[in-house]
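Have a look at the structure below, then the notes.
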Amino acid sequence: MMRYRVVVVGMGKRGMHHAAAFAANPRFELAGVCSRNPQRLDAATTKFAGVKTSTDARGLVMDVKPDVFCFCTPPDVRLPLVHAGIDSGATLIAFEKPVAMTTAEGLAIKDVLDRAGVRAVVSHQHRYGEHYMKVKEIIASGGVGQVESVYGTATGWAAHMLSHLVDYTCWFNDYEPAEWVMGQAAGRGKLTDVHASPDYVAGVVHFRNGVRGIYDCGAGAPDVPDVPYWWRKCRIGAKGTDGYAEVHTGGGWRAVTRQGSQSGPGGMDYELDTPAYVQDIAEWLDDDRQPHPARFDRAYHGMEIVSGLYRSVIEGGQIALPLTSGMDEIEGLKAKVPDRKVRVTLAESAKEYKE
Ligand SMILES: NC(=O)c1ccc[n+]([C@@H]2O[C@H](COP(=O)([O-])OP(=O)(O)OC[C@H]3O[C@@H](n4cnc5c(N)ncnc54)[C@H](O)[C@@H]3O)[C@@H](O)[C@H]2O)c1
């Protein structure tokens, strides 16, 4: 069996998870790690002894020439690293969500990947949680009947959370293409965050098969009282003719089907989800007929939905997908989102959404 060489860039929380998962998997050799931050690089050097290190991502990847180039950098660091991965000859690029902060950059990333014929995956790895898989299984086996709507809510702000909500709801709807979206937004405080977002965004999506997507993300999103941890107060599910099934990111799942009501355990866990996500990278590299569940095309479609919601705020009305031209949606939101304090649902959200 081929052993794939990997470079991981960005030694923050997610870079360390990825590097550890690649290092622990016999199908991969962690060949290099990089961070701009020397202290974080030192910590990584101690943890991953014998691995090449550098503060210069491009220099390292051109030197090591890995099979897999993985980067886990803040959301505003994307396109130059995709170029570096392609120039190094990597056959797969793995990177963190969100795909991009603007469609200008997202379209450019898609274009260079398509032209180079390089595979890519984006880390929407929550789907590997047992509670996510259980909800998918109930929906796919017809437990909720004919799916009529899918929905996702999260109290955290959009650049952190919305691409997750969109990806897993699209999974529940078998990745049917979205035909149009319409949304609204409130609160300007997080527009200057590194995860730049309106404090609150909500909207609807029309999928080709008639299923309705409903998204509610940020300050105004509803509570998920069963989940104590604020970042994991996410409810993601599907409602059909016979019932519903939903996952709560930080605490289990529940469903009402023709058989009655059911619930079960599960909690988002990087230590369990990231190794499974990494293993599927090996499966795809081994066999092109086993594409990765978190492949770029799916995440890109999710980015179009998120960006479409933002464009609806900026331009008004329904936004048709796919998007055919790029723009800087964050600048557009800065010009358009009203200068009024956002209304928060949870008292504990007030410390995050204070402007
Ligand atoms: N999939 C998930 O569940 C999940 C969870 C948390 C964060 N994320 C995403 O992961 C990404 C990273 O988040 P994080 O929490 O690990 O961030 P972080 O700030 O902890 O780490 C980012 C690292 O990237 C390094 N870096 C930045 N620019 C660089 C460059 N040009 N070259 C080399 N290194 C560079 C920084 O020095 C830092 O070490 C974000 O996009 C975030 O949205 C995903």
By how many nm would the segment from residue 208 to residue 194 lengthen if fully extended, with 0.36 nm per residue of separation less the alpha-carbon distance?
1.7 nm
Could you state the angle between the C-alpha long axis of helix 13-24 and the longest principal axis of the C-alpha atoms of the chain, as a value from 0 to 90 degrees rounded to the nearest 10?
60
What does the extension gain come out to for residue 114 and residue 133, with contour length at 0.36 nm per residue minus their alpha carbon separation?
3.8 nm
Once the mean 1/r over all distinct Cα pairs of the range 36-100 is inverted, what Kirkwood radius in angstroms do you read off?
12.5
What ranking, highest mean first, results for peptides 132-143, 67-78 when packing means the other Cβ atoms within 10 Å averaged over each residue?
67-78, 132-143
Take every Cα-Cα pair in the chain and report what % of them are more than 38 Å apart.
15
Nearest 10, in degrees from 0 to 90: the angle of helix 103-116 to the longest Cα principal axis of the chain is 50
Crossing angle, helix 79-88 versus the chain [Cα axis fit, 0-90 degrees, rounded to tens]:
40
For residue 178, what is the net charge nearby, where nearby means another residue's Cβ is under 14 Å from its Cβ and Lys, Arg count +1, Asp, Glu -1?
-2
Rg to Rh ratio, the range 208-355, alpha-carbon atoms and Kirkwood radius?
1.00
Counting only protein heavy atoms with a 1.4 Å probe and every protein chain in place, the carbon and sulfur fraction of the accessible surface of the range 79-170 in whole percent equals 53
Could you tell me the distance between the Cα centroids of the range 98-119 and the range 322-346, to the nearest Å?
22
Carbon and sulfur %, accessible surface of the range 265-355 computed with the full protein complex present, 1.4 Å
48
Accessible area per residue in Å² at 1.4 Å probe, computed on the range 155-276:
36
Normalised convex hull volume, the range 1-124, alpha-carbon set, Å³ per residue
96
Beta bridges per DSSP with both ends in the chain, % antiparallel, nearest 5
60
Within-13-Å neighbourhood charge of residue 135 [Cβ basis; K, R +1; D, E -1]:
+3
Over the range 1-104, with the other protein chains present, what is the accessible area per residue in square angstrom, probe 1.4 angstrom?
41
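The values are calculated or read from the model by the stated rules, or taken from the named source; none is laboratory data. Please read these numbers as outputs of a predicted model, since none were measured by experiment. Heads up, the Cβs are rebuilt from the backbone with ideal geometry, glycines too, and the neighbour counts pull from every protein chain shown. In case anyone asks, the SASA skips ligands and DNA or RNA and just uses the protein heavy atoms, side chains included. Shrake-Rupley method; radii C 1.70, N 1.55, O 1.52, S 1.80 Å.
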